[in-house]
1. So which of 174, 181 is outside any loop (DSSP other than H, G, I, E, B) and in contact with a Lys or Arg (Cβ under 8 Å, 6 or more places away or on another chain)?
2. Taking the stretch 217-235 as the region of interest, how many residues are part of a strand (DSSP E or B) and within 19 Å of residue 25 (Cα to Cα)?
3. Please tell me if residue 181 is within 19 Å of residue 101 (Cα to Cα) and exposed (fewer than 14 other Cβ atoms within 10 Å of the Cβ).
4. Show the residue pairs that are 6+ apart or on different chains and have beta-carbon atoms under 8 Å apart, the first residue being within the stretch 43-72 and under 21 Å from residue 156 (Cβ atoms), the second being among the aliphatic types (A, V, I, L, M) and part of a loop (DSSP other than H, G, I, E, B).
5. Which count do you get for residues in the stretch 140-171 that are assigned to a loop (DSSP other than H, G, I, E, B) and among the charged types (D, E, K, R)?
6. Could you tell me which numbered condition residue 197 fails, if it satisfies all but one of (1) out of contact with any strand residue (DSSP E or B) (no Cβ under 7 Å at 6 or more places or on another chain); (2) in a loop (DSSP other than H, G, I, E, B); (3) open to solvent by 40 Å² or more (accessible area, probe 1.4 Å); (4) of a type outside the set (Val, Ile, Thr)?
7. May I ask you to say which residue of 242, 171 is surrounded by fewer than 18 Cβ atoms within 10 Å (Cβ to Cβ) and within 18 Å of the chain's Cα centre (by Cα)?
8. Scan the stretch 127-143 residue by residue and report those that are surrounded by 15 or more Cβ atoms within 10 Å (Cβ to Cβ) and over 21 Å from residue 182 (Cβ atoms).
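The values are calculated or read from the model by the stated rules, or taken from the named source; none is laboratory data. What you see is a predicted model; the values in this text were computed from it and never measured. Note: ideal-geometry Cβ built from the backbone for every residue, glycine included; neighbour counts use all protein chains shown. In case anyone asks, the SASA skips ligands and DNA or RNA and just uses the protein heavy atoms, side chains included. Shrake-Rupley method; radii C 1.70, N 1.55, O 1.52, S 1.80 Å.
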Amino acid sequence: MSSSSRSITHDLLTPEEVSKFDNDGYLILRNLCPESLRQEMLATTKEGLANVVEPVEYEADVEYPGSPPSRNVMGGETVRRLKQAHSRGMCFTELVNHPVLVGRLAQLLGPDYVMPLAHHNCIMTKQPEFSSDTMWHQDIRFWSFERKELISVWVALGEETLDNGCLKVIPGTHRMEFEPHRLDDRIFLSPDAPENQELIKTGISAELHPGDVLFFHCRTFHAATRNYTDQPKFSAVFTFRPADNPPVCGSRSAALPELIIHTPR
């Protein structure tokens, strides 16, 4: 059945899926992205990498474990993130407005929601030789909105495994409060705190196949290792907020326009 002939009921979460997201702060939906759209996004991604179409973030910029120390050394110009994915091709605009996402996000965020262009809105890439480790963190740590209520959508453009650095998430952490001593100076979960060590043991690996989609709350702790394989990994990532949860005026979150998503009525 083509996407244009789908019944809207086919593009909604089940009550069990809504409950799982509410309880765990993440949800994996298998084979959700249409294959033709995935292929188009993957081709656009490879073109953007081959020509280094700005804006981009380099592995050297983040200074994470495994990152090259500067752009001037071997591997220093390894691209970590192709920014502003929404402007890179109509395929990404089609994705964020596609019924397979819109109806489901409306269930989780409310009937009126918006896509900030200032956060995520990117293609994440992990290259074989010079990728880095991302430690346990919440995306909201450097975002500024009236409420900590946003959801990110992570679309696997290829295989995502433990070997190539798939995301790992800690279920239920979106409902928890963390005292400052449990976080380091970069607001990562400190691995030295005994209570964090027990929590980290409950993490799960979000291994994905091409076209699988991971939904996760902005307060859900997640992490990823570097890519230990000989093939790159690509993921399209976008973030959404309820319309009544605007960015704080003057903050980085308010620095770019936002995309209003038209939801079914």
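1. 174
2. Just the residues of the stretch 217-235 that are part of a strand (DSSP E or B), to begin with: 217, 222-224, 233-235.
If we keep only those that are within 19 Å of residue 25 (Cα to Cα) too, we end up with 217, 222-224.
Matching residues across the stretch 217-235 total 4.
3. So residue 181 fails the test.
4. Short answer, once both residue conditions are applied: 45/157; 47/53.
5. Within the stretch 140-171, the first condition is being assigned to a loop (DSSP other than H, G, I, E, B), and the residues that meet it are 143-144, 146-150, 157-159, 161-167, 170-171.
Checking which are among the charged types (D, E, K, R) leaves us with 146-149, 159, 163.
The total comes to 6.
6. For residue 197, the failing item is (2).
7. Every option except 171 fails the conditions.
8. Pass one, the stretch 127-143, residues surrounded by 15 or more Cβ atoms within 10 Å (Cβ to Cβ): 127-128, 130-132, 134-140, 143.
Hits for the stretch 127-143 are 127, 128, 130, 131, 132.
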